[in-house]
Amino acid sequence: MSQSARANRKIAAGSTMTKRQIMLVMIGLMAGMFLSALDQTVVSTSMRTIADDLDGMSLQAWVTTGFMIMSTISTPIYGKLSDIFGRRPLFIIAITIFLAGSLLSGTAMDMYQLAGWRAIQGLGAGGLMSLPLAIMGDMLAPRERAKYQGFFFAVFGVSSVIGPLLGGLLSGVPEILWISGWRWVFLINLPIGLVALAVVLAFLHLPANHRRVRIDWWGATFVIMAVAPLLLVAEQGREWGWGSLNSWTCYVIGALGILAFILTEMRMKDDALIPMKLFKSQTFSMATILGVFVGFAMFGGMMTIPLYLQLVMGATPTQSGLLMLPMIVGIMTASMISGFVMSRTGRYGRFPRIGTAFLAVGYFYMTFLTYDKPTWFVMIGMFLIGAGLGQLMQTLTVASQNSVEPEDMGVATSSSTFFRTMGGTAGTAVLFSVLFSRIPETIAAAFSNPTFLEPLKQAMSDPAVINNPANAKILTVLNNAMNNQGSAGDALNGDTSFLVGADPRLADPFLVGFSNASVTIYWICLVVSLIAFVLSWFLKTVPLRQRSGIDEIAARDAAISAEMIAEEMGAMVDPGTAAGSYTNEPEPTSASRKKSSSSS
């Protein structure tokens, strides 16, 4: 018998995996999650270079939208299919699809191709985000899982922050090995993904889990109908106009899709894509709601702070990635500490409360941000926000997994990821809409402020300033605004390179305007964090189970088998003796008989 077969047989029997086996599997799982999280942000700083090379600046939003829609929609589908057919084959399929999309994206010849190939990437990414956490749920008990999942969410935080850094570095190089630098933003996934695939094929051995169920095709159809239009309007609404015909069409289709999806899931019961029975658990329901708010606040901070660092503080994309290190440290430290404590005590109730409190304190601190604050001021705020997120992301996932039966581990994990992603998408759309709506107002207010207006007038009449090539672009913007050929308030909606190297007296009103608009975003995130803090007190917590999903299923099947044997033995004994011997034995329930027959 091969080593692979022996490992599979051992795990199928309900034995606990060794630490070496767990660590080897974790390498593959974390590599997969790293790729998925990285690809959500790595394109942001390289998109301008990509769009210039492929001559499609006006189409760049579709590159992001295609990836986001497909990854979000596929998340619950992967979770349900993995509950039916097993985690291992679905995870291998997800890695393969993602690598194929990465290779195709690296060879795209125009923006339409790139958008299509990115959608294929997103189809694989949906599995790479949710399945590793579900696999950990199968291998480890919730108490032990908390310790290991801290590493997973640290990987998520690190990849989310270094994505812009890596994108800026690769796209800033004309060629690497005779291939355009920006193409390596996608091709770099290939070696990492192949390592993950090799580790999974060699070391991830879970018992087969084939169950005869109905496939929820209509549920999958309606979740696409519900989510796709809403994500589309979230990305394009600012450009279309939130009250435009296109936006209202998306609202109506999305609402009808949600209604049809709920009715379908109620009819499908246990076979549903997202079974409604999960929401009967107060713990699962509240953890899901908290996940939506946390996703909203998380992506709000991660998307706006790098913009502040680049526009107001003048950092390059590479520098802004390095300046985000305090948030990485906060996420990693809080994830590992909370995981260690949960593993030792078996309890997690304090972390959602402390985490949301840290999040609220961090955003309240950031409301005092001004354009002239030193870098260390922003870094303290980032650390506080990161410390809050690190206590929340893994805790809410463990709470969701601990509240469901082992058979529903995949769908519970994917549902948690799905709703957190939806919250993040909504947060990104709403906060960016508010930001770019506020910028014209705050810039106009800065230009009317005597503190900045007088130095601006002096600079515009200074020959040294006028004749300096570094000021040419910003002077054009200001002159157009004075001649009613444009608005200074709308100048930050497009190319912001005119601020680079410009005289501070000319640039300060723009920086003040953007800084004040950002503070509005932090106030919104503060309100969302406070709502989450209040809700965290309603999260019903129960001690974490001390058995893994595999062990629980094995123990339950053994108990059912023993019960069946006892029943058969009772039937073989003399009726009078049997009556005396088995008077106190409980009659097997219909549920146990059903499970027994399905197991056999």
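Of I331, I27, how do they rank once you tally other Cβ atoms within 10 Å and put the fewest first?
I27, I331
Hey, could you pull the Cα Rg and Dmax for region 294-547, both in Å?
Rg then Dmax for region 294-547, in Å: 22.1, 76.
Cβ under 13 Å from M276's Cβ, M276 left aside: what net charge do those residues give with Lys, Arg +1 and Asp, Glu -1?
-1
Per-residue HN-Hα couplings for region 451-461, Karplus 6.51 cos²θ - 1.76 cosθ + 1.60 at θ = phi - 60°, whole Hz, x for Gly and Pro?
Couplings: 4, 9, 5, 5, x, 5, 5, 4, 5, 6, 9 Hz.
For the cross-link pairs K277/K540; K19/K540; K19/K80; K373/K473, which exceed 23 Å when the distance is taken from alpha carbon to alpha carbon?
K19/K540; K19/K80; K373/K473
What is the order of W248, W537, fewest Cβ neighbours within 10 Å to most?
The fewest-first ordering by Cβ neighbours comes to W537, W248.
Test of understanding: ordering L453, L38 by Cβ neighbours within 10 Å, fewest first, what list do you get?
With the sparsest Cβ surroundings first, the list reads L453, L38.
Using +1 at the C-beta of Lys and Arg and -1 at the C-beta of Asp and Glu, which of S416, I337, I380 has the Cα lying farthest in the positive direction of the dipole of region 294-547?
I337
In whole Hz and in residue order, list the ³J(HN,Hα) couplings for region 260-277 that follow from phi through the Karplus curve 6.51 cos²θ - 1.76 cosθ + 1.60, θ = phi - 60°; x for Gly and Pro.
Here the 3J(HN,Hα) series is 5, 5, 4, 4, 5, 5, 5, 6, 6, 6, 5, 8, 5, 4, 10, x, 5, 5 Hz.
Throughout, read-outs are computed from the coordinates displayed, never taken from laboratory work. Bear in mind that the values here come from a model prediction, so they are computed numbers and not experimental data. Cβ: placed from backbone, ideal geometry, glycine included. Neighbour counts: every protein chain shown.
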